[in-house]
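Each remark here refers to the structure printed beneath this line.
All of the numbers you see were taken from the coordinates with simple rules; none came from a lab. Treat the numbers as computed from the prediction; the structure is a model and nothing was measured. Cβ placement follows ideal geometry from the backbone for every residue including glycine, while neighbour counts extend to all protein chains displayed.
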Amino acid sequence: MKKKILVVEDEEHIAEGLALNLEAEGYEVVIAGDGHAGLDMWRQGTFDLIILDIMLPGKDGLEVCRTIRAETGRTPILFLTARDRDEDRVAGFVAGGDDYLAKPFNLKELLLRVAAIFRRQVWYGTDSLKTNRYQFADYWVDFKSYMANGAGGEMELSQKECMIFKFLAEHAGEVVTRDMILDAVWGYNVYPSSRTVDNFIVRLRKLFEPNPSHPRYIHTMHGAGYRFTPQGEPDA
Ligand code: CA
């Protein structure tokens with residue numbers, strides 16, 4: 001089955017150049033010329049990836065992304081933006097984007113990013129923990145439905161929270177570095193700071209630690225990274 005990519009881009013020559021190159025890689029491509037058209041097409045079709053320009057007439061890329069995420073759409077989103085501006089990058093990730101590329105971009109780089117997003121999708125969908133519903137202590141996380149049962153009862157996790165948790169669980173008992181987490185969940189060099197990982201860990205602790213300031217399950221290894229202990233262990 002060909003992977004299907006929705007390109008939302010108002011600059012025709014860029015959209016067409018993207019389509020040509022993505023099709024040459026064996027992807028199927030649909031182009032939308034503005035945010036509203038992009039949303040309509042996303043609602044009507046099934047896409048494996050959205051390449052979304054931030055600067056769009058009408059509804060901009062960030063708004064399109066927020067709308068898709070609010071409708072619980074989990075299609076990966078790769079943002080394009082006019083300049084390499086940190087604030088756009090951060091806004092893109094906050095809105096729920098998966099990766100980011102600044103214009104003018106190198107097509108080879110774009111194709112690598114696209115392939116990396118699909119690789120991460122395959123990893124996340126792989127049954128490496130032998131179960132879709134991973135149990136530890138009195139808790140569980142369901143990687144398919146994104147539901148979890150934590151210290152505060154049942155709740156829905158975000159895609160990134162699920163991915164980070166899955167990565168920690170796959171490496172239970174081992175120290176994982178922030179770079180390892182960034183690479184597994186976001187891809188290389190896409191995030192301005194590894195502090196982002198720390199923010200997600202804070203959030204996961206709130207969900208799964210009865211006392212987040214003295215974690216039993218998700219431990220900080222100073223100067224190294226994090227270690228998940230499913231059986232629970234007093235904080236050092
Ligand atoms: Ca544009």
By residue number, the members of segment 199-214 that are surrounded by 14 or more Cβ atoms within 10 Å (Cβ to Cβ) and within 17 Å of Val176 (Cβ to Cβ) are Phe200, Ile201, Arg203, Leu204, Arg205, Phe208
Would you confirm whether or not segment 193-204 contains a residue that is over 12 Å from the mean Cα position of the chain (by Cα) and part of a loop (DSSP other than H, G, I, E, B)? yes
Take the residues in segment 29-44 that are within 16 Å of the ligand (Cβ to nearest atom) and part of a strand (DSSP E or B), then tell me which one is surrounded by the most Cβ atoms within 10 Å (Cβ to Cβ). Ala32
How about segment 50-67: which of its residues are surrounded by fewer than 23 Cβ atoms within 10 Å (Cβ to Cβ) and of a type outside the set (D, E, K, R)? Met55, Pro57, Gly58, Leu62, Thr67
Options Gly17, Gly58, Gly26; residue that is within 13 Å of the ligand (Cβ to nearest atom) and either of a type outside the set (D, E, K, R) or more than 18 Å from the chain's Cα centre (by Cα) (or both): Gly58
Tally the residues that are closer than 14 Å to Pro104 by Cα and near the ligand (Cβ under 9 Å from one of its atoms), restricting the search to segment 1-14. 3
Considering every residue within segment 140-160, establish whether at least one is in a helix (DSSP H, G or I) and without any contact (Cβ under 8 Å) to a residue 60 or more places away in the chain. yes
Looking only at segment 72-114, how many residues end up being part of a helix (DSSP H, G or I), closer than 24 Å to Glu161 by Cβ and among the aliphatic types (A, V, I, L, M)? 4
Mind checking which residues of segment 29-55 are over 21 Å from the mean Cα position of the chain (by Cα) and charged (D, E, K, R)? Asp34, Asp40
Selection status of Val64, in a helix (DSSP H, G or I) and within 16 Å of the ligand (Cβ to nearest atom): yes
(1) free of Cβ contacts under 8 Å to residues at least 24 places away in the same chain; (2) in a helix (DSSP H, G or I); (3) aliphatic (A, V, I, L, M) all hold for Met1 apart from (2)
